[in-house]
Amino acid sequence: RFLMGDDTEKRDALKIVPMVAMGPWSVQQVVNGKPCIIGNYLNVNYMYLPRTSQKAACLELDIDISGSWSARGILSVALY
């Protein structure tokens with residue numbers, strides 16, 4: 001049902017839980033593991049490819065972090 005829904009339904013339902021399993025202490029402190037509905041904070045484009053006889057269904061997300069200063073800050077810490 002989620003995959004067949006429109007982009008508005010996906011935006012309101014898709015939740016992520018950011019986590020750093022292994023990495024520098026500074027990155028682990030920035031990424032707190034608090035769940036959030038990502039569509040409320042970042043622009044997300046969804047591309048759904050339905051299942052065919054030879055391929056499984058696929059949902060691709062294009063997340064634009066350029067509009068969020070906090071997302072850019074976390075990425076800069078992770079890349080450092």
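The values are calculated or read from the model by the stated rules, or taken from the named source; none is laboratory data. Source: prediction; values computed, not measured. So basically every Cβ, Gly included, is an ideal-geometry build from the backbone, and we count neighbours across all protein chains shown. Protein only, heavy atoms only, side chains kept; ligands, DNA and RNA dropped before computing areas. Shrake-Rupley method; radii C 1.70, N 1.55, O 1.52, S 1.80 Å.
Some notes on this structure:
- Enumeration of residues in segment 36-54 that are in a loop (DSSP other than H, G, I, E, B), open to solvent by less than 80 Å² (accessible area, probe 1.4 Å), in contact with a strand residue (DSSP E or B) (Cβ under 9 Å, 6 or more places away or on another chain) and over 14 Å from ILE74 (Cα atoms): PRO50
- The test for being at pLDDT below 85, in contact with a strand residue (DSSP E or B) (Cβ under 8 Å, 6 or more places away or on another chain) and of a type in the set (Gly, Ala, Ser) holds for ALA57.
- Number of the exception - ASN43 against (1) in contact with a Gly (Cβ under 8 Å, 6 or more places away or on another chain); (2) modelled with pLDDT under 85: (2)
- Which listed residue is surrounded by 11 or more Cβ atoms within 10 Å (Cβ to Cβ) and outside any strand (DSSP E or B), from GLY73, GLY33, GLY67: GLY73
- The residue that is nearest to ILE74 (Cα to Cα), among those in segment 2-30 that are open to solvent by 90 Å² or more (accessible area, probe 1.4 Å), modelled with pLDDT under 85 and over 13 Å from the mean Cα position of the chain (by Cα), is GLN29.
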